[in-house]
Amino acid sequence: MSIKVGFEYLTKDSMFAKDDFQDKVNEIHKMIEEGTGAGSDFLGWLHYPSNYDKAEFERIKAKASEFIKNYEVLVVVGIGGSYLGAKASIEALNGLFKKNGLEVIYLGNTLDPNYIHDAINYIKDKKFCICVISKSGTTTEPSVSFRILKTMAEEKYGKEGAKDAIVAVTDKEKGALKKLSTSEGYETYVLPGNIGGRFSVLTAVGLFPMACAGIDIDEFMAGFQDGEKEYSDPDLEKNNAYRYAVERHNLYNLGYNVEMVGSYEPRLTYVNSWLQQLFDESEGKDGKSLFVTGCTFTTDLHSLGQYIQEGKKILFETIINVENPNYDIEVPYDEENLDGLNYLAGKKLSYINHKAYEGTLDAHSRTGNVPNITITIDKVDARNLGHLYYFFMKACAMSAYLNGVNPFNQPGVEVYKKNMFHLLGKEGY
Ligand code: PA5
């Protein structure tokens, strides 16, 4: 399948002229491929779909099957890039009510004692297993949660039993988590040193939790391979990821400072969060760049919709449109028609949802003068999702370089960490 990217809801003024950008895009493409740009030692994701570690991939599948057989709940411990991709994918593919594999819950993404207390309480009488993910192995939130969970697992299963119930995804050789895993004998998977957290969903970071949730990770990886092929040509007529990057860069230059990404599917809400992280952490530097935020329609049409339609013209929208739902439901006929809904009787919810999409697109872009970009996929499945992620990752690299920033570092994130360590009395801060 191919992702259809629609630019017809941009106005003539807001659409870029190909000739103005093609040379720059060629130059950046060469820089990405040759690894000569800022942060290029974090380009490991670029050709990972064709050169990933096949033996590790099989180990992931085998251990995930064992977990599915022996446990009820998987606790994924990680924060930011070390959990958002897994959560976004599992919700997108399994929906918001558990269907396949293990139930997956998340810890290590907060320091809130209430949430951690409730999560622990929820799993304490269930058969739970743990996947702890941290590239650095020293991030406070997951480290604290993991220490609590590890103690719980050892009390519940004994030291040997806990060892079987825990896997870790971390650096190949560095960091406290690697050291701990080796010393405890946990099964480990590698988050390659040349792939940053927000680009890591295609590694064990996304793959292991997804496999435990019963998702076909071969298909998911095949989607990334589709993307790797499809977005390999710098020609803006052929490469929609680059075209999208250039359009959003152009909109930013025209004064649109916010990109609202969204869809008409609550199961994709965490894909918005993944996109926010991908773009905001990659691009938000040097006092410039778009601010990416998310919405889920139609819910948010009843709140954010007012601002989008009539508020300050600071934003444009990028809407993911899914053509076919996995399930459909018909509106029933009602003899009395007290709610006046019989005009919709016999109509499918997908049809009604799609009319909301069409009506909103027109209202926002034509009436409200809010530029819209549409990204259409035929359905949400593992392959399409992998392809979609690669599309955005490639677009993000191009987009950040167009704006003159290093897409792969995050110096701003360090500032709060240092302050917190100082306040907590950590040695050296
Ligand atoms: O994308 C990123 O680099 C960050 O969001 C990290 O993934 C996040 O800070 C967690 O870091 P770590 O995996 O080292 O615990």
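The figures follow:
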{"quantity": "Pairs, first under 18 Å from residue 192 (Cβ atoms) and assigned to a helix (DSSP H, G or I) in the stretch 73-91, second among the basic types (Lys, Arg) and at pLDDT 95 or above, C-beta under 6 Å, six or more apart", "calculated": "81/198"}
{"quantity": "Lone unmet requirement of (1) closer than 24 Å to residue 110 by Cα; (2) more than 16 Å from the ligand (Cβ to nearest atom); (3) hydrophobic (A, V, I, L, M, F, W, C) for residue 191", "calculated": "(2)"}
{"quantity": "Residue list for the stretch 374-412, restricted to those being open to solvent by 40 Å² or more (accessible area, probe 1.4 Å), over 21 Å from residue 316 (Cβ atoms) and over 18 Å from the mean Cα position of the chain (by Cα)", "calculated": "378, 411, 412"}
{"quantity": "Residue within the stretch 290-304 that is within 16 Å of the ligand (Cβ to nearest atom) and open to solvent by less than 50 Å² (accessible area, probe 1.4 Å) present", "calculated": "yes"}
{"quantity": "Residue in the stretch 231-245 that is of a type in the set (Gly, Ala, Ser) and either under 20 Å from residue 77 (Cβ atoms) or buried (at least 24 other Cβ atoms within 10 Å of the Cβ) (or both) present", "calculated": "yes"}
{"quantity": "Residue match in the stretch 340-352 (condition: surrounded by 13 or more Cβ atoms within 10 Å (Cβ to Cβ) and touching a residue at least 24 places away in the same chain (Cβ under 8 Å))", "calculated": "yes"}
{"quantity": "Residue that is farthest from the ligand (Cβ to nearest atom) [pool: residues in the stretch 117-144 that are part of a loop (DSSP other than H, G, I, E, B) and surrounded by fewer than 19 Cβ atoms within 10 Å (Cβ to Cβ)]", "calculated": "125"}
{"quantity": "Leading residue by the ranking (nearest to the ligand (Cβ to nearest atom)) among those in the stretch 49-64 that are within 26 Å of residue 99 (Cβ to Cβ) and touching a residue at least 12 places away in the same chain (Cβ under 8 Å)", "calculated": "60"}
{"quantity": "Filtered residues of the stretch 363-414 (kept if of a type in the set (Gly, Ala, Ser), closer than 25 Å to residue 24 by Cβ and assigned to a helix (DSSP H, G or I))", "calculated": "395, 397, 399, 400"}
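The values are calculated or read from the model by the stated rules, or taken from the named source; none is laboratory data. This one's a predicted model, so the numbers in the text were calculated from it and none came from an experiment. Note: ideal-geometry Cβ built from the backbone for every residue, glycine included; neighbour counts use all protein chains shown. SASA here: full protein model, heavy atoms, side chains in, ligands and nucleic acids out. Shrake-Rupley method; radii C 1.70, N 1.55, O 1.52, S 1.80 Å.
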